[in-house]
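A.B. asks: Right, I'll just put the structure down here and ask away after.
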Amino acid sequence: MKYLAIDIGGTYTKYAVMDEDCHFFYKDKVPTRQESLEDFIEMLTNIYEQNKTDIQGIALSTAGMIDSETGFMYNGGSIFCISNINIVEILENCCRVPVTVENDAKCAALAEVWKGCLSDCNNAIAVICGTAVGGAVICNRKVVRGKHFMAGEFSYILTDGRDAFNQDKILAESGGVPALLHMVSGKKGIPVAELDGEKVFSMANCGDEETLWCIRSFANCLAVQITNCQFIFDPERIAIGGGISAQPLFLQIMREELKKLNGVYPHAVPIPEVTSCEFFNDSNLIGALYVHLKAKEEKINMDKVKEFMNLLKNRREGQYLKELFIG
């Protein structure tokens, strides 16, 4: 069977036709249309219409606060036209196939749980470093959502409570990749527009001491929060995702900073075990498919339970009628 996985980003919407074994038949992307809800839905339905042959369902990954069980989106992150809507109901009415939706960072984490670096873990955390800091807490191989669907939304963590009205005090500002680019820009006098993650790490790998200092400072900021997560949840492993996680130097420096922080404790405590996510740009698509397949499996199981309960009910009613009329 084939499924259409769609990863909605602020600039581009990526999509892929995939099967249950995670084989990619086709991948492409289109600019994300977000001028209005109508434009947004038209974009998604056009993607479906162009790829609908043999498609058994649509698996969505997107930013925002999402109740994935009902399909209701409280907000869409930076995509404001999809706040307070049930995206599953809308798309199922348009496309007439089953639809699921999940937060993009949680999709990235579930991709690792399914087939990646967390596949041997029951309890884990994923920290996804992009424009901001997404993530997920995994307990018994399932996403912890929380009462308000905010569990794992690390961007909202306060890093300094002395000026709560300053948004620089949240982890989204200090732990997202733009923070690293601004740090390097300030140190090297290079315009931010001329920097990206690859260029920064190329400079560091060539031995630029100022750039290395910036990366270490940035890693320390994240290491503090990863250490806090270790003692709040005590996971088996913490996976770091996003483009930055593909840099071996970053993982090396992160481990060094975690070891330094561990030295402040007066007795032996665990150092968080960190690793890089494996799927990078495909992680959200893979995780969205996993969510869809799990939902399909649960529906099949529920249908079997209902069928069994109806069978028992009919048997009881049949036995009652038999006793009533035959004695």
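A.B. asks: In region 129-140, which residue that is modelled with pLDDT of 95 or more and touching a helix residue (DSSP H, G or I) at 6+ places or on another chain (Cβ under 7 Å) is nearest to Thr45 (Cα to Cα)?
C.D. replies: My answer is Ala136.
A.B. asks: So if I check each of Ile41, Ile47, Ile87, Ile55, which one is under 19 Å from the mean Cα position of the chain (by Cα) and touching a residue at least 24 places away in the same chain (Cβ under 8 Å)?
C.D. replies: Ile87
A.B. asks: Against the conditions (1) farther than 15 Å from Gly242 by Cα; (2) not in a loop (DSSP other than H, G, I, E, B), where does Ala151 fall short? Just the number, please.
C.D. replies: If we test Ala151 against (1) farther than 15 Å from Gly242 by Cα; (2) not in a loop (DSSP other than H, G, I, E, B), just (2) comes out false.
The values are calculated or read from the model by the stated rules, or taken from the named source; none is laboratory data. Owing to the predicted nature of the structure, the values given are computational and were not obtained by experimental measurement. A quick note on method: Cβ atoms are made from the backbone with ideal geometry, for glycine too, and the neighbour counts reach across all protein chains shown.
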